[in-house]
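Please read the structure below before turning to the comments.
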Amino acid sequence: MDEARALGFSGARPSLSPMAYSSRARSAFYEHERDAKPVSPIRAFEIGFAIREKAGHAWLNCLAKLQEQTFTDILQAIPTSRMSEMAREFALQLLKCNRQSILAAEY
């Protein structure tokens, strides 16, 4: 897996980058019963926001205040026997990408 992550980071395989991975991610939620595929995590947040706008604003405020260092600290707490440095960096970039996507969306 670290080899694939390295290819994504280097640009040799853009489809393996954290941003590309984020764009392909799926949640466990379907927007409509008849849908063949679940929605993306970002779309799931948008749907939840529309249903509970006050709660959505509260989550957005928390997310906006969250510092990158918090992500780093959480990931650093995972033992290296469970997560490689490359996996840690990939996870950090993925979290940053998803955070930015949620904060940049129009609600």
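General observations
- FRET efficiency, 1/(1 + (r/R0)^6) with R0 22 Å, evaluated for residue 54 and residue 32 via beta carbons: 0.35
- The chain: calculated mean residue ellipticity at 222 nm from DSSP helix runs of at least 4, using -39500 (n - 2.57): -20000 deg cm²/dmol
- The chain, relative contact order in percent, only Cα pairs under 8 angstrom and at least six apart counted: 29
- Student exercise, the chain dipole from Lys, Arg, Asp, Glu Cβ charges, in Debye to nearest 20: 100
- At the listed q of 0.18, 0.24 Å⁻¹, the Debye profile of the chain, built from one uniform point per Cα, gives log10 I(q)/I(0) equal to -1.01, -1.26.
Only the coordinates and a few stated rules stand behind these numbers; no lab work does. Please read all numbers here as calculations on a predicted model, not as lab measurements. Methodologically, a virtual Cβ is constructed for each residue, glycine included, from the backbone with ideal geometry; neighbour enumeration extends over all protein chains shown.
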